[in-house]
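Report on one structure; see the data block that follows.
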There are 2 protein chains.
Amino acid sequence: MSSDNTSDGEARERLIDMAAEFYDQFAEGDVPSMTLPTRSKSNIVFDDDAGVWVYGDRTSTRSANSVNGARKLLKAVYTIDFLAQQLDEDRSSTLRELYYLSESWGEEEAQFNDQSESDKLVEDLEIVSGVKREDFHMRPEESGAKVMGPLRIREQTNRGDREIHCQDDVGQGGYQIPNNPDTIEFLEHDVDFVLCVETGGMRDRLVENGFDDEYNALVVHLGGQPARATRRLTKRLHDELDLPVTVFTDGDPWSYRIFGSVSYGSIKSAHLSEYLATPEAQFIGIRPADIVEYDLPTDPLSDSDVNALESELEDPRFQSEFWTEQIELQLDIGKKAEQQALASRGLDFVTDTYLPERLTEMGIL
Amino acid sequence: MSSDNTSDGEARERLIDMAAEFYDQFAEGDVPSMTLPTRSKSNIVFDDDAGVWVYGDRTSTRSANSVNGARKLLKAVYTIDFLAQQLDEDRSSTLRELYYLSESWGEEEAQFNDQSESDKLVEDLEIVSGVKREDFHMRPEESGAKVMGPLRIREQTNRGDREIHCQDDVGQGGYQIPNNPDTIEFLEHDVDFVLCVETGGMRDRLVENGFDDEYNALVVHLGGQPARATRRLTKRLHDELDLPVTVFTDGDPWSYRIFGSVSYGSIKSAHLSEYLATPEAQFIGIRPADIVEYDLPTDPLSDSDVNALESELEDPRFQSEFWTEQIELQLDIGKKAEQQALASRGLDFVTDTYLPERLTEMGIL
């Protein structure tokens, strides 16, 4: 999938192409079908050129040779029709709205049984058409993150353009990333590096301590597992502005997955890795080594933490020396720590000591 | 508790007063103790003047006549010392930071065992001192909501004042409410009413359809159970700008609690009702009656839904004719519906038909 934007007209055309293919299959007397890459952990491979994990060669086929398969293709055609019309009218909608909207379709067999069905279909359409959901004007439910730092942007909103400086023109809460960050144009900046932060409490600490200002950092609040909009913006900041991207999370297996989704892409959306993933992103911490080095307050690993760590040891995305060493150390010490645990050394420790030390070690400062 | 802001100096003074009282108790040879209202459902009463639910007359006493009680008071004194110093230095911190920070206190007996202990202590200090957490400079973890509508505000940030128009100066994502919304001053507005919206998907629908612009509505995204900052801002919009406040949620018992927390205050923070609750807030829907009237797509009530509805029938805050009728209807039909289910009537149904009809019935339009 190209990481460029697809224009509305182009997205519409590719949708119609898919429907046309079904039509041609019918016309030639073939049973209509749609072929997709198999979407499982066993079918993701590392793309050396792009430096991200993408789907491999294994495929699955949806064919109308069963009632179930035929129903799936019928739903696809109805959805294509809706999306094409939405693009025509320059409207947008959410995945949940699509699910409910199907109830208004005259053909009952085309209606979705639950939202996971319509969500999955939209992902299938993304993969087959090579157009991403955002370019179909499907908005995610989840909001993007908040941004604070020396960056001036222009956002194209549905009520005109807005020019916003992400320090001078925003409140303490920062600039709210829109659902589709490709409506943002970067105008000018004094940013030296991007600092993605997992928790709101830590994000607020950095902003209160003026870390963005002192170090020319662009602080991006991930808010747990980052929304697509946040990952997309992070990638664009790296690619277009040539900025180093760093990720600062809690020190537990779930947080390493947060780093992984910024850096490597997720299994569920491996078809979007080139669009969403920033393989050059670097992990700041909390590393298991930090727990030892800074003697941080910890909690014991739960059984599910241990299982998650062991599964990460097997995960192709965590096969580096760094991660193997850190995960094994963590299993060894049996402890995890939150990023706010740095407050046990005082409220300024994170901005005066921990981050400058780590960023220097990593060659960012 | 006064709904006015408490100055830093005043907040500090009231904290020191609490510590001084322990000192006086010691000096007079009494066992130090602290008396608090009992914080349970059975001890909340309706305050007719303020129109909110507050704690009743039943009290509990923390006394140093046991090791456990003495330890609690010791922790209180250490926390008071920290908060007084924080106010002195014009710093702030989160509840989680306070918990971790206690690890740096020399006296081990004063350290908190877990965060629920420090959270609860801060609430106790709020109640006894009559000063709210925000005025101790304790920031919540949870971010406030996003706001979109014809309102110009001035926010006092820790890097200077910012003037922001909540339509013209923000992106599609809107204005991000800061953790302490009392740093906001309302400058001018064309708002006719406040519309609090539970889900991000519906908030985005209203903004895309330009509902805020067409109806002079201030759209406030609640994002599930609203943060204190969101409830505080909503109350201020009502009290200071004399604006009607309406709440638009899913049609299930958990969403009625979201309405309840905006309108009536929560049991956990009944001491803050006068500061956070907007008793005049009106519920738009989704009402069980809407499920019937608009023939919305539904899900069946689960056992926990039924239990929650039955518990609401017993809750003093839901004893009105409206709520009794609606909850009984819902138990009768055995169904619930989400606000985005309105999309089954088309993407514009909510802004062209549903909201205008409901707001007219309610006398807002």
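The values are calculated or read from the model by the stated rules, or taken from the named source; none is laboratory data. The shown structure was predicted, so the numbers you read here are calculated from the model rather than taken from an experiment. Virtual Cβ from ideal backbone geometry, glycine too; neighbours counted across all protein chains shown. Remember, those area values only see protein heavy atoms, side chains included, never the ligands or the DNA or RNA. Shrake-Rupley method; radii C 1.70, N 1.55, O 1.52, S 1.80 Å.
Residue of chain B with the Cβ closest to the rotation axis carrying B onto A, and that distance rounded to whole Å: B:Q176, 3. Placing R0 at 22 angstrom, the Cβ-Cβ distance between A:F26 and A:N68 gives a FRET efficiency of 0.75 after rounding to 0.05. Once both labels are positioned 7 Å from their Cα atoms along Cα-to-Cβ, the gap between B:D57 and B:Q115 label points is 3.9 nm.
Accessible surface comparison of B:D242, A:D119, B:D250, probe 1.4 Å, protein chains only, largest first: the order is B:D242, A:D119, B:D250. The string of couplings for region A:31-40 from the Karplus curve (6.51, -1.76, 1.60, θ = phi - 60°) is 6, x, 8, 9, 10, 10, x, 5, 9, 9 Hz, one whole number per residue in order, with x for Gly and Pro. Put a dot 7 Å past the Cα of A:D48, heading toward its Cβ, do the same for A:E107, and the two dots end up 4.6 nm apart. To the nearest ten degrees, helix A:253-263 and the longest principal axis of the Cα atoms of chain A are 70 degrees apart.
What is the helix-to-structure angle for B:321-333, meaning the angle in degrees between its Cα long axis and the longest Cα principal axis of chain B, kept from 0 to 90 and rounded to the nearest 10? Tilt of helix B:321-333: around 70 degrees.
Taking amide H as placed 1.01 Å from N in the peptide plane, the amide H of B:R139 sits under 5 Å from that of B:S93, B:T94, B:L95, each at least 5 places away or on another chain.
Once backbone amide H atoms are built at 1.01 Å from N, A:L365 has A:T360 as its partners under 5 Å, excluding neighbours fewer than 5 places away on the same chain. Positive-end ranking of B:A84, B:G106, B:F46 along the dipole of region B:1-109, with charges on Cβ about the Cα centre, is headed by B:F46.
Note on A:W323: accessible area approximately 10 square angstrom, rounded to 10, probe 1.4 Å, nucleic acids and ligands left out. In terms of accessible area, using a 1.4 Å probe and ignoring ligands and nucleic acids, A:T351, A:T61, B:T298 rank largest first as A:T61, B:T298, A:T351. In percent, rounded to a whole number, the relative contact order of region A:210-323 is 25, using alpha-carbon pairs under 8 Å and six or more apart.
Interface residues of region B:276-321, defined as a loss of at least 10 Å² in heavy-atom accessible area between the chain alone and the complex of all protein chains with a 1.4 Å probe, are B:P297, B:D299. When only DSSP loop residues count, what GluC sites (Glu not before Pro) in region B:1-107 have their Cβ near at most 11 other Cβ atoms within 10 Å? Listed in order of number, the matching sites are B:E28, B:E89, B:E107.
Classify region A:242-365 as rounded, prolate or oblate from the Cα gyration tensor: take a ≥ b ≥ c as the square roots of its eigenvalues, call it rounded if a/c is under 1.5, otherwise prolate when a/b beats b/c and oblate if not.
Working: a/c = 2.04, a/b = 1.18, b/c = 1.73.
Oblate shape, in that a/c is at least 1.5 and b/c is the bigger or equal ratio.
Whats the longest run of chain B with zero trypsin sites (Lys or Arg not before Pro) that are DSSP loop and have at most 15 other Cβ atoms within 10 Å? The partial results should precede the final answer.
On the way: sites that count: B:R58, B:R91, B:R159, B:K268.
After excluding every exposed loop site, the longest remaining stretch is B:160-267.
From the helices alone, meaning DSSP H stretches of at least four residues, give me the mean residue ellipticity at 222 nm for the protein assembly as shown, per-run term -39500 (n - 2.57), in deg cm²/dmol to the nearest 500.
One gets -12000 deg cm²/dmol as the mean residue ellipticity at 222 nm.
Explain nothing, just the number: dipole magnitude of chain A about its Cα centre with +1 on each Lys and Arg Cβ and -1 on each Asp and Glu Cβ, in debye rounded to the nearest 20.
Values: 35 positive and 74 negative charges, 142 e Å.
That gives a dipole near 680 debye.
For chain A, what's the relative contact order in percent, using C-alpha pairs closer than 8 Å and at least 6 residues apart? It would help to have the intermediate numbers written out before the result.
Working: 584 pairs, mean separation 52.2, N = 365.
Across chain A, relative contact order equals 14 percent.
Relative to the longest principal axis of the Cα atoms of chain B, the long axis of helix B:8-27 lies at roughly 40 degrees.
Site pair A:S7 and A:L36 shows an inter-label distance of 3.0 nm when each label is modelled 7 Å from Cα along Cα→Cβ. Across peptide B:96-109, the mean count of Cβ atoms from other chains lying within 10 Å of each residue's own Cβ comes to 5.
Taking 0.36 nm per residue of separation and subtracting the Cα-Cα distance, full extension of the segment from A:L241 to A:L329 would add 28.1 nm.
Please average, across the residues of B:172-185, the number of beta carbons from any other chain that are within 10 Å of each residue's own beta carbon, and give a whole number. Mind showing how you got there, number by number?
Values: counts 14, 13, 3, 5, 9, 3, 6, 6, 1, 2, 0, 2, 1, 0.
The per-residue average across the peptide is 5.
Phi-derived couplings, Karplus 6.51 cos²θ - 1.76 cosθ + 1.60 at θ = phi - 60°, listed residue by residue for region A:227-234: 5, 4, 4, 5, 5, 5, 4, 4 Hz, with x used for Gly and Pro.
Rounded, prolate or oblate, given the Cα gyration tensor of region A:25-115, with a/c below 1.5 counting as rounded? Oblate is the answer for region A:25-115, as a/c is 1.5 or above yet b/c matches or exceeds a/b.
Among B:S93, A:S60, what's the order by accessible area (1.4 angstrom probe), most exposed first? Let's see the in-between values first.
On the way: B:S93 0, A:S60 55 Å².
Per-residue accessible area, sorted high to low, gives A:S60, B:S93.
For A:G265, the amide hydrogen comes within under 5 Å of the amide hydrogens of A:T278, counting only partners 5 or more places away or on other chains and with H modelled in the peptide plane. Averaged over the residues of peptide B:200-208, the number of Cβ atoms from other protein chains lying within 10 Å of each residue's Cβ is 6. Accessible area buried by the pairing of B and A, both sides summed with a 1.4 Å probe, works out to roughly 4400 Å². Rounded to the nearest 20 debye, the dipole size of region B:200-358 about its Cα centre is 680 debye, using +1 on the Cβ of Lys and Arg and -1 on the Cβ of Asp and Glu. Computed on chain B, the Cα convex hull volume stands at 150 Å³ per residue. The residues neighbouring B:E280, those whose beta-carbon lies less than 11 Å from its own, together hold a net charge of -1 under the Lys/Arg +1, Asp/Glu -1 convention. Derived scalar couplings between HN and Hα for region B:236-252 equal 5, 4, 5, 6, 8, 9, 6, 9, x, 10, 10, 10, 10, 10, 5, x, 8 Hz in order, rounded to whole Hz, by the Karplus curve 6.51 cos²θ - 1.76 cosθ + 1.60 (θ = phi - 60°), x for Gly and Pro.
Give the calculated FRET efficiency between A:F349 and A:E280 to the nearest 0.05, with a Förster radius of 41 Å applied to their Cβ-Cβ distance. Before the final figure, lay out each step's value.
Values: r = 28 Å, r/R0 = 0.68.
Efficiency for this residue pair is about 0.90.
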